[in-house]
Structures are given as structure tokens and as C-alpha cells.
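The values are calculated or read from the model by the stated rules, or taken from the named source; none is laboratory data. Source: prediction; values computed, not measured. We place every Cβ from the backbone using ideal geometry, glycine too, and count neighbours over all the protein chains shown. Surface areas here come from the heavy atoms of the whole protein model, side chains and all, with no ligands, DNA or RNA. Shrake-Rupley method; radii C 1.70, N 1.55, O 1.52, S 1.80 Å.
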Amino acid sequence: MPDMRVLVLTGAGVSAESGIPTFRGKDGYWRNLDPTKLATPEAFARDPQLVWDWYRERRQRIRNARPNAAHEAIAKVAQHAREFLLVTQNVDDLHARAELAKEKMVQIHGDIFVTRCSRCDFSVLERDEERQEIPRCANCAALMRPGVVWFVVGTTATFGYIIDWALRANRNGGELIEVNPEETPLSRFATRRVREPAAIALPGIVNDLTNRGAL
Ligand code: APR
């Protein structure tokens, strides 16, 4: 596989076995919480403390979590493939903590440990310490907010750009392997559907590729 070009797309499912809830799965965040009350600019304007409390609870849960075998398998592919890119919707840092090189990944929904100004482009990284008060910008004194992508109300869950990338690879003769215990809008385009949890399935898939001399 030294010749293989690999694009990996991940979402909340890859971190589920590290104890990070998904959004729409069985115990997903959006089952019990309303995203319009927590993950929109309007929600932040209405009640910034409520929003910060929720993101701080998530940050602490991520700090206490560890990358799982799926994160490690993806990091292994990144080391061996001729060309590799991970595009993740996840704002957690588990891919990076599985030693996947920063230049080989894109966090398209942002990084939960970044705190950025809600007005100017000042931002800070808060991997370890956590404050309790609502932070203010050292530059312009505006409120600081979690550095993640927020919903603009009315946006569907399945993000078109994710499907688009997968289909483009597929249209160019690429293999599209879907690893998900459940059906998704991408399933009908997949050349292979693996209905298993990621941390169970991915190490085996990567070993296969390695044994096939593709990696
Ligand atoms: N292994 C693989 N897939 C899993 C696992 C697992 N162990 N557990 C759950 N899944 C799958 C579910 O079947 C579901 O298809 O992960 C998917 C999780 O979907 P969502 O909860 O909708 O999360 P995601 O697709 O990442 O959400 C996209 O929506 O809320 C916004 O910005 C947020 O980035 C997020 C975006």
C-alpha cells in the first residue's frame, strides 16, 4: 500500500468507545439536550454561562478519556500510506493524542480546547487549565466562546460536504469503506459496509491492508 492514497472521514462514532457520547446515537447529546439551547450563537448570547458550563463538562470528559484502537489504527495508516488525510467532525483531541500528525488532519468543526473571542480573532488554547468565570477577550474585552463550529438554526445533521468528499473518491474508482454499526446516508455508496464498532473493526481492516502489502 505504499502507493495508497487514503482519505479518512470521522465523526462522533469513532470516539464513542472512548466514552465520549455521540450526538444522535442512543445516549447522544441531542437526545436529552437541545442544540439550539447550547450550540448556536443565539444560545450563547442568551445564556453564555449555560453554554460554557456544558462545554467545560465536555472538555473534562475528553481530558479523562483516552484514544481507542480505532484512533490508533487510523494513526497507523497515516504513517504508512503514500498520501493520507483525516477530515474529522470531532472537536475532541483523541486523534491527535493517538499521535496522528497535525499536518495530516483537519478538524472541520473546530477544537473544543480553543477559546476564541466572539468579536475579534483573538484566541487561546486551554488544553489543561479551566476557569469557571466567563472569559473576556484580552484584546477587545468581548466575551470569549468555545472555538467550535456552531449550528445556524435549521441545518440538517448529515453534512453535505462529508458526503461529497466520499462520493468524489468513489466516483474516481476509490474504495469507500463505511465502518458504522448503523445505516447512514452514505451506506448505499459504500463499496464495503462494516457493521461493527470502530475500535473493533478498524485494527482488523488496517492489518488486512498491511498484509495485502498495500500499506
Ligand atoms: N463505531 C462506529 N460508529 C459508531 C459507533 C462506534 N462505536 N457508535 C456510534 N456510531 C455511529 C452512529 O451509528 C452514528 O451513525 O456514529 C454516528 C454518530 O452520529 P452523530 O451522533 O450524528 O455524530 P456526527 O455524525 O459526528 O455529527 C455530526 O453534528 O452535532 C453536530 O457538530 C456536531 O460534528 C457533529 C456533527
With every protein chain present, what is the per residue accessible area of the range 16-121 (1.4 Å probe, Å²)?
49 Å²
Cut-off under 24 Å on the C-alpha distance; same-chain residues fewer than 8 positions from Lys76 excluded. Which lysines are left, in chain and number order?
Lys102, Lys104
Any chance you could check the Cα centroid distance between the range 1-77 and the range 177-215 for me, in angstrom?
20 Å
Can you tell me the 0 to 90 degree angle between the C-alpha axis of helix 160-171 and the longest principal axis of the chain, rounded to 10?
10 degrees
Hull surface divided by four, with the convex hull built on the Cα atoms of the range 82-154: how many nm²?
6.6 nm²
Hey, can you rank 133-142, 52-61 by average C-beta count inside 10 Å, highest first?
52-61, 133-142
Roughly what % of DSSP beta bridges within the chain run antiparallel, to the nearest 5?
40 percent
Square roots of 5 times each gyration tensor eigenvalue, C-alpha, the range 1-85, largest first, Å:
33, 14, 12
Rg to Rh quotient for the range 44-186, alpha carbon positions, Kirkwood Rh
1.01
Comparing Asn32, Asn90, Asn170, which has the greatest mean-square fluctuation in the GNM of the chain with Cα pairs linked when under 10 Å apart?
Asn32
